[in-house]
Amino acid sequence: DVIEAHRAGADRAELNSDLFHGGLTPTLGELIVAKRETGMKIMTMVRPREGGFCYTDGEFATAVEDARLLLDHGADGLVFGFLHQNGTLDVERTRALAELAQAAGKETVFHRAIDVAPDWREALDALVGLGITRVLTSGQEPDVSLATGTVREMIEYAAGRIEILPGAGITARNMDRVIA
């Protein structure tokens, strides 16, 4: 899909595996081939398993090792999201991955985990403090077209401190409405 997106004019993509389960960490082979075939900026998902964003110590250790390997093999940035059991931002784990990427001079994206956080403003403020590049959000709904008002609020609240990237459910049919 990344190669096809490049052929269609994309200049940046997020590489995932298993989109059926919300997107998981891609293989190194997928990253290497996508970079070789496109030369474009590729952000890579770091998510060790489906089903929520609160991970065991072993799952988090796996995420850290995956992140290191992805960066070492050409990832232009990391996409991740870590929450506590109660849905609040796991600042320490988020900091750990952010620092890995930042030390390599790469971008960071906090993904749609923010869409299940009980207070997105509090989470956004913490992400700004951690130097996260952007937040991928559907406005706390399954489909961004259902939450354009919330996404607008997020953009206004962020006030240029962090990029808000709307995602999930955007199609050619609803794109103009979402943009507006």
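The values are calculated or read from the model by the stated rules, or taken from the named source; none is laboratory data. Computed from a predicted structure; not experimentally measured. Please note: Cβ atoms are built from the backbone with ideal geometry, for glycine as well, and neighbour counts cover all protein chains shown. Each accessible area value is taken on the protein alone, full model and side chains, heavy atoms only, with ligands, DNA and RNA left out. Shrake-Rupley method; radii C 1.70, N 1.55, O 1.52, S 1.80 Å.
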Check: If you go through the stretch 35-49 one residue at a time, do you hit one that is among the small types (Gly, Ala, Ser), out of contact with any strand residue (DSSP E or B) (no Cβ under 7 Å at 6 or more places or on another chain) and modelled with pLDDT under 95?
Finding: yes
Margin query: Condition (residue is surrounded by 13 or more Cβ atoms within 10 Å (Cβ to Cβ), in a strand (DSSP E or B) and in contact with a Ser or Thr (Cβ under 9 Å, 6 or more places away or on another chain)) applied to the stretch 139-162: is it met by at least one residue?
Written below: no
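Can you confirm whether the stretch 128-135 contains a residue that is in a strand (DSSP E or B) and buried (at least 21 other Cβ atoms within 10 Å of the Cβ)? Quick ask: steps written out before the conclusion?
Initially, the stretch 128-135 is screened for residues in a strand (DSSP E or B), giving 134-135.
Filter once more, keeping what is buried (at least 21 other Cβ atoms within 10 Å of the Cβ): 135.
Within the stretch 128-135, one or more residues are in a strand (DSSP E or B) and buried (at least 21 other Cβ atoms within 10 Å of the Cβ).
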Check: Counting just the residues of the stretch 98-109 that are outside any helix (DSSP H, G or I) and in contact with a Ser or Thr (Cβ under 7 Å, 6 or more places away or on another chain), which one comes out most open to solvent (accessible area, probe 1.4 Å)?
Finding: GLU107
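Residues checked against (1) more than 11 Å from the chain's Cα centre (by Cα); (2) under 21 Å from LYS41 (Cβ atoms):
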{"site": "THR88", "(1), (2)": "yes, no"}
{"site": "LEU100", "(1), (2)": "yes, yes"}
{"site": "GLU107", "(1), (2)": "no, yes"}
{"site": "ALA117", "(1), (2)": "yes, no"}
{"site": "THR133", "(1), (2)": "no, yes"}
{"site": "GLY139", "(1), (2)": "yes, no"}
{"site": "SER145", "(1), (2)": "yes, no"}
Checklist line | Near pairs, Cβ below 7 angstrom, 6+ apart or cross-chain, from the stretch 118-132 (more than 16 Å from GLU153 (Cβ to Cβ)) to any residue that is of a type in the set (Val, Ile, Thr) | finding: ALA126/VAL91; LEU130/THR94; ILE132/THR108; ILE132/ILE162
Next item on the list: Search the stretch 144-161 for residues that are within 18 Å of GLU122 (Cβ to Cβ) and of a type in the set (Gly, Ala, Ser) and pair each with any residue that is open to solvent by less than 20 Å² (accessible area, probe 1.4 Å) and in a helix (DSSP H, G or I) when their beta-carbon atoms are under 7 Å apart and the residues are at least 6 apart or on different chains.
Entry: ALA158/LEU124
Next item on the list: Among the residues of the stretch 163-176, count how many are open to solvent by 70 Å² or more (accessible area, probe 1.4 Å) and touching a helix residue (DSSP H, G or I) at 6+ places or on another chain (Cβ under 7 Å).
Entry: 1
